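Structure, as structure tokens:
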Amino acid sequence: MDVCDSENVLEEAMFTPERLTYMTERRRLEQLLRDSERKLAERVGQLEAIFEAMVDGVIVFDGQGYLLHMNTAARDLLGQDTQPNYFLHLAHERPSPYEVRDEQGQPLFVEQWPLLRVMRGEVLTGATAVDVIIRTRDGREIQLNVSGAPVRDQDGRIDGAVMVMRDVTERRRQEQHAKEALHALLAMAQLAVQGPEEAKISVDETASQAEPAAQEIAQSLAELALRVLGCQRLSITTIEPEMEILRPLAIVGLSPEQERQWWAEQRQNESRLADALDPLFVQRLRANEVVLLDLAKPPWNALPNPYGIRTVLVTPMSIREHLVGFLSLDYGGAEHIYTSEELALAEAVAKLTALVIERGRLVQERAEAQAREIALRETKGQMDEFLGIASHELRTPLTTIKGNIQLAKLRLTHYMHSLSLGDDEIQENLTEIQTMLDRAERQVNVQNRLVSDLLDISRIEVDKLELRKEPCDLAAIVLETVEDLRSANLTRPIHLELAQYEMVPIFADAERIGQVVSNYLTNALKYSPADSPVEVRLKKEGKLAYVSVRDEGPGLTLSEQERIWERFYRAQGVERQRGFSLGLGLGLHICRAIIEQHEGNVGVESTKGVGSTFWFTLPLAEPNEQAAG
Ligand code: ADP
């Protein structure tokens, strides 16, 4: 035992047991206190470290609004180091260096500042947290999301405030962009569904007037797409279906002067897809690939680059896997990394654009079709009127002339009969007059025929060849026509081959069918040698009646056989016989229209230098059609 130990023993020996217990307890408590103080200091240190390390700005105020604590994040946010004394002012007396505004950018009155609201007892958290825009002392404009709560003393009185602020500038910008993009996409989708004010492309607009509507749609699409993609310039080009000519439709992102120049250049340099662009690039577009062009690399670096563009993103626009155009966009000279979201968005925009343009094209086509139909209806109306006037104006004088000629001929015949025989000179004069009258009558007949043909053609053009169909006998029609032509061409051998006494019932306009037989027969007589025979046949073939007229005339080549049914077509080198008038090449065209309107067919078999057989078929009348008559 050393000296010290012996002293303690001595001291303790001097105390009563109570005193000893007290002293032990006190030492233990003192030790505890020291431990607690150490721990507290550690804890405060930890808290301060956390406080400082927090990414959100935290500011603690006392009951009068004086600053107690402010972490680094808050200082960084507010640029506080540039104005150290700011919080020495009373809260409501502080000058307003921050130009505090609400999220719409409207100035915020001092009473509405988040700190003062909290000091009045409001808790701002979650949905009630406030967005404010401030301009910091170091000149930045930032948007802060501020939350906060009052600090209360034991009696519940407000004794301070804790405010927490977070920089949401970037997030809000992105949210705003996403919102705008969504609106723009919605507007585009709406265009795709409804079309741009359908009324703009009204039915009475002509194609040339409707064209600007397509450009207008494209322009608004381009503006929307520019907003969606947030790029600097954007253009839409369509590809014309057949020749694949590139048609720029819209450009956005240029100054008015640049835009004027751009359009002038586009108009000057009209080009085709294959000629204008690199073959590999075209191939990729056709494969519906989005292509990024580096304008610093060949072949693109050879092109003029007036706006100093670095890269161009070209997105194909396709309809049913068919390339109908493309959308080009750029972010100017800045390096831009295209994210996969941006590429997907560009594709979506291109798809929508293609749909909208396709829709516009269809609407325009419909409008044009309607316009055409209206025009056609009008033309038909005018044509009806014309036909009425024409028949009257042309036929009436001809009928009158013909009537006068016939009357003159009749009188002449009477007069010639009443003349005493032997007056040869007068007889001769009168015969001459008679010949002249005959010629005049023939000419009037020719005129009449031409007028009829022209009117028939006009009627066929407007589907106005009216038929009076009724049950009739084709054998009788053919026989009658042959008889008529025989009497007018007494020297010509016309053979008729038909089953005697057998009716060939058809449901038809007898006069029009007679016109066809007459036309075939007249042509056969007109175009074959005067001494050659002409043969007319009529037979039944199953449910059809078949009529043919055969001649031994010049015959027709295959291509002539095809073309003789066209309006105004006359075969070269086919000479008419004397006594027949010149035709206009309308007869066969009319024949075909008449027969087809009776559900029949026409045709010709011919060999050059041998002769021709013109034929037509007609359906035989059903028993009920016969009965209907
Ligand atoms: P056209 O009034 O000129 O006879 P068509 O329409 O009846 O008009 O005939 C058209 C053309 O077809 C005639 O101009 C003629 O060249 C040719 N053609 C018509 N019938 C015959 C025929 N039987 N033989 C040879 N050519 C014919």
With criteria (1) open to solvent by less than 90 Å² (accessible area, probe 1.4 Å); (2) on the phi > 0 side of the Ramachandran plot; (3) under 23 Å from the mean Cα position of the chain (by Cα), G332 comes up short on (3)
The one condition L474 fails out of (1) within 16 Å of the ligand (Cβ to nearest atom); (2) crowded, with 21+ Cβ neighbours inside 10 Å is (1)
Expected single match for more than 9 Å from the ligand (Cβ to nearest atom), touching a Pro at 6+ places or on another chain (Cβ under 9 Å) and modelled with pLDDT under 90 among A627, A545 is A627
Flagged in the range 468-490 as modelled with pLDDT of 90 or more and in a loop (DSSP other than H, G, I, E, B), in numbering order, are R468, K469
Selection over the range 55-65 where residues are at pLDDT below 85 and either surrounded by fewer than 14 Cβ atoms within 10 Å (Cβ to Cβ) or in a strand (DSSP E or B) (or both) yields a count of 2
With respect to A530, is the statement that it is open to solvent by 50 Å² or more (accessible area, probe 1.4 Å), farther than 24 Å from D453 by Cα, away from the ligand (no atom under 11 Å from the Cβ) and small (G, A, S) true?
yes
Of those in the range 571-595 that are of a type in the set (A, V, I, L, M) and near the ligand (Cβ under 8 Å from one of its atoms), the residue most open to solvent (accessible area, probe 1.4 Å) is L582
Subset of the range 511-527, residues within 12 Å of the ligand (Cβ to nearest atom) and of a type in the set (V, I, T), comes to V516, T522
Hey, any hits in the range 249-259 for a residue that's closer than 16 Å to L229 by Cα, under 26 Å from the mean Cα position of the chain (by Cα) and open to solvent by 50 Å² or more (accessible area, probe 1.4 Å)? no
Flagged in the range 489-510 as away from the ligand (no atom under 16 Å from the Cβ), in contact with a helix residue (DSSP H, G or I) (Cβ under 9 Å, 6 or more places away or on another chain) and either of a type in the set (A, V, I, L, M) or closer than 18 Å to A593 by Cβ (or both), in numbering order, are L496, L498, A499, M503, V504, I506, F507, A508, D509, A510
Output for Cβ contacts, cut-off 6 Å, separation at least six or different chains, first residue over 15 Å from E575 (Cβ atoms) in the range 521-533, second within 8 Å of the ligand (Cβ to nearest atom), reads L521/V549
Expected single match for under 18 Å from V517 (Cα atoms) and basic (K, R) among R592, R576 is R592
(message) Residues that are surrounded by fewer than 19 Cβ atoms within 10 Å (Cβ to Cβ), more than 15 Å from the ligand (Cβ to nearest atom) and touching a residue at least 24 places away in the same chain (Cβ under 8 Å): does the range 548-570 have at least one?
(response) no
Residues in the range 596-616 that are surrounded by 20 or more Cβ atoms within 10 Å (Cβ to Cβ) and among the aromatic types (F, W, Y) total 2
I405 fails exactly one of (1) at pLDDT 80 or above; (2) assigned to a helix (DSSP H, G or I); (3) open to solvent by 40 Å² or more (accessible area, probe 1.4 Å), namely (3)
Being under 29 Å from A508 (Cα atoms) and out of contact with any strand residue (DSSP E or B) (no Cβ under 8 Å at 6 or more places or on another chain) narrows R537, R567 down to just R567
Out of all the residues in the range 118-128, is one or more over 19 Å from V55 (Cα atoms) and within 48 Å of the chain's Cα centre (by Cα)? yes
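The values are calculated or read from the model by the stated rules, or taken from the named source; none is laboratory data. Quick caveat, the model's predicted, so the values are computed rather than measured. Reconstructed Cβ throughout: ideal geometry from the backbone, glycine too, with neighbour counts over all protein chains shown. Remember, those area values only see protein heavy atoms, side chains included, never the ligands or the DNA or RNA. Shrake-Rupley method; radii C 1.70, N 1.55, O 1.52, S 1.80 Å.
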